[in-house]
Structure formats: structure tokens, C-alpha cells
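Let me begin by presenting the structure, written as C-alpha cells, before commenting on it.
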Amino acid sequence: MTVPNDPTPAPASAAPPKPTRLAPIVTLDAKFFWEAADKGEFVGERCADCGEFRFPPRPMCPRCHSVRREVVKLSGHGKVYSWILPRHPMPFGFKESPIVAVIELEEGYRLVSNLYEVPFEQVRAGMPVEVFFAPTMGNHQVPVFRPRAK
Amino acid sequence: MARTFREAAIAGVGATEFSKESGRSELQLAAECSKAALDDAGIHPSEVDGMITFTIDNSDEIGLCRCLGVKDLAYTGRIPGGGAAAVATIYHAMALVNAGVCNTVLIWRAMNERSQYRFGQPHTQAIGPQAGNGTGSLLWCMPFGAQTPATWESLAAQRYMQQYGVTNLDLGRVSVVQRKHAATNPAAWFYGKPITLEDHQNSKWIVEPVLRLLDCCQESDGGVAIVVTSLDRARDLKQKPVHIVGACQSIPYNVEVISNYYHADLALMPEAEGTARRLYAQTGMKPSDMQMAMIYDAFTPQVLKQLEAFGFCGRGEAKDFVKDGHIELGGSLPVNTNGGLIGEAYIHGVNNIAEAVRQVRGTAVNQVPNVQHVLVSSGMAGAILAQG
């Protein structure tokens, strides 16, 4: 059985290990997402005129072509859509294979992230999950998921 | 040269040896395979007036012109999207000849993709968010450990496997067939090295539960070039002309190359379905008109998905189509008769186009009898080649 890399901090007695996960690549149109993640907030981008969510972030709404956008706080709830375990080569920044998953968010779009607190063999399609944050190099954070508390 | 519509044909193909360490520059590989393709056609290199390669090919057009002594280049262009758009080079060359803009179009792809860099290793720096690669959303994968082509492929393929009950054993059968084809192809890296399904199942996991080592294409050094001209002219040249009956591409909304997780249903391949629709409409042909197919096979699941998208079998039926022997030599639709990118070499799909040309000419080492029409697909682009 595979035990995924545990992102929770080490006990207070030990010196916390430095995060080795790659920091996000920040582009101008996605800066809002990563700045919010650094503060522990999970946000999305919506057209300020017609209200359409879009991901990956982009400067224009494909439905009404408005360039006005608003950043909104998301529920952080979603469902597992697909999931894998990269075995070889070990992904850069990980000591053990992480579960990589495509998550379908309650707001109606998907993103790639990691799944924790569930063994790989017990992951199921449609499993309800909730967001939390994992640290990266350079003092940043990225949103990751775990089974939703009942 | 009047700008009237002219049918296009492939007049020449050329390649270097396929290896893991070429020992020379990528530009030299490009020049050698280009010269070989032009010699094959019987066209002097100075006559090239159009050049097409991939966005990510490292050799410069002018550098290659200076090797070949090209006297006056009328057109040069690059195709985005990596290997998924390999067959789009044929589409562009066909359109240039159809429009009377060029008379001798040279397509090339040459790389030291094993000895100089590694496509299969984490791409943490190499192909990040640059434009033109068709893979702009990779930056949404990197921090989560999805850093290689195998992981990007698997995130979508796993959904396909869930939907249709496809197992890694089913994928293994594709690999076994292709290695069988490579085993009798002296140009293939895996010449004389067939595998069994047991070998496949014993190979290490690359991405669980989708890809084992033997589900993945090779990393190769080498170059392949193709010369496209008018069908009329090709009839007077050295080789039997190979008519480009039709060629097109399709990139539906929200589809992208490899980090392709945002369109409606990841169990489907809308770019291949779109290409199939457009190609069959353009040519008036149907799947049963093909005697064989060359299908982009960076990873085994892509072969299954494209067999379904091009209508050779129904959705979810490709695993049984393969199991029943249809894609083997002697089957109803032999596929990747050179061994493909898995068995012959990974020259980004262009070596698969060259094999289609040899099959239409009747000169392939694993020749399929009576080849009238071959479908060539690279997922986002396709072509139908025929005797001219």
C-alpha cells in the first residue's frame, strides 16, 4: 500500500522540514489565484458582466468577451474526477509519490491538484473532497485536497 | 507558377539512423535526413521553396537552408502542439502546393532527444508556459508533481479507463503488437526484440495504474524528412507518387495538447473526433476505405482512443478490437507496421508518416498487401494517403 507524503507539519519538538515542493509559476493573469493561496484562500475567476466562471484564468470571457473580471471565494468542495500515482521518475520536490488528481469543483470546473489523507487504493471517482493548503519552496502555498469531513 | 489549384503528393522520404546517441548536432541530423528525402524524390536541394517543422525543433530554417544550398525560400512556418500536430505538417504542405504558393516543400523533424536532453524526464524548466507549444496549462500541473509527459497523459487516460473498464493489461496488447512489428523492421531500435504480455506486465510502473515502462514510446536521436510537391510533378519524379487525398487538423474549444483536462469529457478525444469528421467530409471517405493506419503512439492509451475517434470501432471497443488481432499484420487494419514510436523510434510522429508513404509505395519491410489508402493520425491532425 502506498502512504502518500504527509503535508502536515512535523511535531513541535522536531525542527519543521523545509518544504521541497516546487513553487507555483506565476503569470500576470493568474497572480490573483496564487496570492490568495499564500493567504490560505481558495478563489476563482468569474466574468464581472455575465458571471461565467473560467479556468485556467484568462483576460477575456469566452461567452460575452468582457475583460472585466471578479475574484470570488470558492466553497473549496469538489469531487475526484481522475487520479494517478507517478512512480518513475519521482516528481521533483517529492520524497514519495503523491496522488495527483483532477478535481471537479462544486463551481463547475476542474483543476489538477493532490489528494491526501486517503490511501491510493481507496480513492474512488466522485469521492467528495475539500481543499486545504500545502507549503512550497519560497514560502508559498498551493491548494490540495482530502476527503471531505462528514 | 500560376496560382491554380493543384493536387499535392509526397515525392520523397528520408531518415537518419535511429539511435540513443547520434554523436552529431541536431542540425546535422536535419541536413542529412533532408538530403536523403530530396535524393529519394530526385529533386536537387537548391530547389526547395517551402520549409515546415515543429515549433519546438531546435534547428534554424536559415541554418538548414545554408546546408542544403536553398536558393530562394518562398515560405517557412512552424507547427505548434508538439507531436500531437505532427500530421499538421502534411496539411500545411498540401495547402501550400494546392494554392500554388510553393513547388517543393520540405518537412523535417530532427532531434537528439535522448543524448542531449530527455523528453521523458520532469519538464520543470524545459517547456513551461511558453506560447506555441500548445501546452500552456502545464504551469497548473508542475507544483503537484505532474511534471512528465507520462503523468500528463495518464490524468486523462485514467478517466478513459474508468469509463470503459480498460486495464493496463489491455494497453499491454498494443505494445506487444507494435514490438512484434518492430522486431522485423531493421530500421527499428527494437529490431529483433519482440516482447510478450508477461514482459509488459513485469515492466515497472511509470504512472500507476495507467502506464508501465513498456506503454511508453522511446526517447530517440534521429531525423526524418518528407518532400511534398504537386501530384503532376511527382508522377515524373523517381518514386511512385503518394497522393495526399486530404489532410486537416481540429482543435475544439477548451482542448489543448497533453495538459488537456478542461473540455467536457476526458474519456473522449474531441480533437481526434473533430479531425476524423473533417477529414472524412473533406475526402468523402470512411473508415472501411482504409487498409491500414499509422496512429500517434507516444503512449498506448492514445492508440485505443484514436481507433475509436476515427471510427474503426465503437467507443470503448478498442481494447477488444486490439485483443481480437485486428491491428496486427494480417489483421483487418494493421496499425503502426514499422513498430511505431514505441518500437521503431520517437521522431515525434514523423517516422510514422514516412512508414505510411512506404506502405502506399509498396516498399515497406512489413508490407501490407494491396494498400490503397492509409489513415495517418497524430491526434489533433490527420491525413489520408493513397496511390497517385
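The values are calculated or read from the model by the stated rules, or taken from the named source; none is laboratory data. Just so you know, these numbers come straight off a predicted model, no measurement behind them. No Cβ is skipped: glycine too gets one built from the backbone with ideal geometry, and neighbour counts run over all protein chains shown. Please note that ligands, DNA and RNA were not included when accessible areas were found on the heavy atoms of the full protein model with its side chains. Shrake-Rupley method; radii C 1.70, N 1.55, O 1.52, S 1.80 Å.
If the chain linking B:Leu213 and B:Gln372 were pulled fully straight, counting 0.36 nm for each residue of separation and taking away their Cα-Cα distance, it would gain 53.8 nm. Seen from every direction in turn and averaged, the convex hull around the alpha carbons of the protein assembly as shown projects onto 25.9 nm².
So for the range A:75-150, averaging the separation of alpha carbon pairs under 8 Å that are six or more residues apart and normalising by length, what relative contact order in percent results?
Working: 143 pairs, mean separation 23.3, N = 76.
Once divided by the residue count of the range A:75-150, the mean separation gives 31 percent.
Along the range B:53-66 the Karplus relation, 6.51 cos²θ - 1.76 cosθ + 1.60 evaluated at θ = phi - 60°, assigns HN-Hα couplings of 9, 8, 3, 8, 6, 7, 7, 7, 4, 5, x, 6, 4, 5 Hz to successive residues, with x for each Gly and Pro.
When A:Arg54, B:Arg278 are compared by accessible area at a 1.4 angstrom probe, the order from most to least is B:Arg278, A:Arg54.
Excluding ligands, DNA and RNA, the accessible surface per residue across the range A:75-150 is 41 Å² with a 1.4 Å probe.
Accessible surface ranking for B:Glu328, A:Glu35, 1.4 angstrom probe, highest first: A:Glu35, B:Glu328. Exposure check, 1.4 Å probe, all protein chains in place: B:Asp72 carries approximately 110 Å² of accessible surface.
Only protein heavy atoms count here; on that basis, with a 1.4 Å probe, A:Arg69 has an accessible area of about 100 Å².
Efficiency by 1/(1 + (r/R0)^6): what FRET value for B:Asp320 and A:Glu96, r their Cβ-Cβ distance, R0 = 30 Å, to the nearest 0.05? Before the final figure, lay out the partial values.
Numbers: r = 36 Å, r/R0 = 1.22.
Once rounded, the FRET efficiency stands at 0.25.
Normalised per residue, the accessible area of chain B is 33 Å², obtained with a 1.4 Å probe and no contribution from ligands, DNA or RNA.
For B:Asp215, B:Asp49, the ranking by accessible surface with the largest value first comes to B:Asp49, B:Asp215, using a 1.4 Å probe. Relative to the compact-globule estimate of 2.2 N^0.38 Å, the Cα radius of gyration of chain A comes out at 1.11. Looking at the square roots a ≥ b ≥ c of the eigenvalues of the Cα gyration tensor of the range A:25-73, which shape do they give, rounded for a/c under 1.5, prolate if a/b is larger than b/c, or oblate? Judged from the Cα gyration tensor, the range A:25-73 comes out prolate (a/c at least 1.5, a/b above b/c). Using a probe of 1.4 Å, the accessible surface attributed to B:Leu106 totals some 0 Å² when neighbouring protein chains are kept in position.
The mean sequence distance of close C-alpha pairs (under 8 Å, at least 6 residues apart), as a share of the length of the range A:25-73, puts its relative contact order at 35 percent.
Specify whether the C-alpha gyration tensor of the range A:75-150 places it in the rounded, prolate or oblate class, a ≥ b ≥ c being the square roots of the eigenvalues: rounded for a/c under 1.5, otherwise prolate if a/b is larger than b/c and oblate if not. Please list the in-between numbers first.
On the way: a/c = 1.84, a/b = 1.27, b/c = 1.44.
Since a/c reaches 1.5 but b/c is at least a/b, the shape of the range A:75-150 is classed as oblate.
Interface burial in the range B:148-197 reaches 50 Å² or more for B:Leu155, B:Gln158, B:Arg159, comparing the full protein assembly with the chain by itself; accessible area from heavy atoms with a 1.4 Å probe.
State, as an integer percentage, the relative contact order of chain B based on alpha-carbon contacts under 8 Å between residues 6 or more apart. Provide the component values of the computation, followed by the final result.
On the way: 935 pairs, mean separation 95.1, N = 388.
It rounds to 25 percent for chain B.
Give the interface area between chains A and B as buried accessible surface, both sides summed, probe 1.4 Å, in Å² to the nearest 100. Roughly 3100 Å² of accessible surface disappears when A and B pair.
Maximal additional length on extending the B:Ser288-B:Arg3 stretch stands at 99.1 nm, based on 0.36 nm per residue less the C-alpha distance.
Using just the C-alpha positions of chain B as equal point scatterers, what log10 of I(q)/I(0) does the Debye formula give at each q in 0.06, 0.08 1/Å? The Cα Debye sum returns log10 ratios of -0.20, -0.36. Mean partner shielding of peptide A:75-87, defined as the number of other chain Cβ atoms within 10 Å of each residue Cβ, is 6. Each peptide in B:346-356, B:226-236, A:106-116 gets a packing score, the mean of other Cβ atoms within 10 Å over its residues, and the list from highest to lowest is B:346-356, B:226-236, A:106-116.
Using every pair of distinct Cα positions in the range B:138-226, the Kirkwood expression returns a hydrodynamic radius of 14.6 angstrom. Result for chain A in a Gaussian network model with C-alpha springs under 10 Å: among A:Ile103, A:Ile84, A:Ile25, the largest mean-square fluctuation is at A:Ile25. Think of a 1.4 Å ball rolled over the protein heavy atoms: the range A:25-73 then has 55 Å² of accessible area per residue.
Computed over protein heavy atoms with a 1.4 Å probe, the carbon and sulfur contribution to the accessible area of chain B reaches 51%. Here chain B carries DSSP beta bridges of which approximately 70% are antiparallel, counting only pairs with both residues inside.
Over the range A:56-150, what percent of the accessible surface lies on carbon and sulfur atoms, probe 1.4 Å? Display every interim value, and only then the final one.
Working: 2360 of 4430 Å².
Solvent-exposed carbon and sulfur of the range A:56-150 make up 53 percent of the total.
Database note for the protein assembly as shown: Cys without another Cys beta carbon under 4.7 angstrom, B:Cys33, B:Cys65, B:Cys67, B:Cys102, B:Cys141, B:Cys216, B:Cys217, B:Cys248, B:Cys313. Dipole size of the range A:75-150 about its Cα centre, with +1 on Lys/Arg Cβ and -1 on Asp/Glu Cβ: approximately 120 debye, rounded to the nearest 20.
Calculated FRET efficiency, B:Arg235 to B:Asp60, Cβ-Cβ distance, R0 = 30 Å: about 0.35 to the nearest 0.05.
Ranking B:Val70, A:Pro17, B:Leu341 by how far each Cα lies toward the positive end of the dipole of the protein assembly as shown (charges on Cβ) leaves A:Pro17 at the top.
Spin-label pair B:Ala95-A:Ala48: with each label point 7 Å from Cα along the Cα-Cβ axis, the two points sit 3.7 nm from one another.
Once you place label points 7 Å from the Cα toward the Cβ at B:Thr196 and A:Asn139, how far apart are they in nm? Placing both labels 7 Å beyond Cα along the Cβ direction yields 6.0 nm. Where a ≥ b ≥ c are the square roots of the eigenvalues of the C-alpha gyration tensor, would you call the range B:79-219 rounded, which needs a/c under 1.5, or, failing that, prolate if a/b is larger than b/c, or oblate? Since a/c reaches 1.5 but b/c is at least a/b, the shape of the range B:79-219 is classed as oblate. On the basis of the beta-carbon distance and an R0 of 22 Å, A:Asp29 and A:Arg146 show a calculated FRET efficiency of 0.15.
If you take each beta carbon of peptide A:15-22 and count the beta carbons of other chains within 10 angstrom, what is the mean?
Working: counts 0, 0, 0, 0, 0, 0, 4, 7.
If you average over the peptide's residues, the count of other-chain Cβ atoms is 1.
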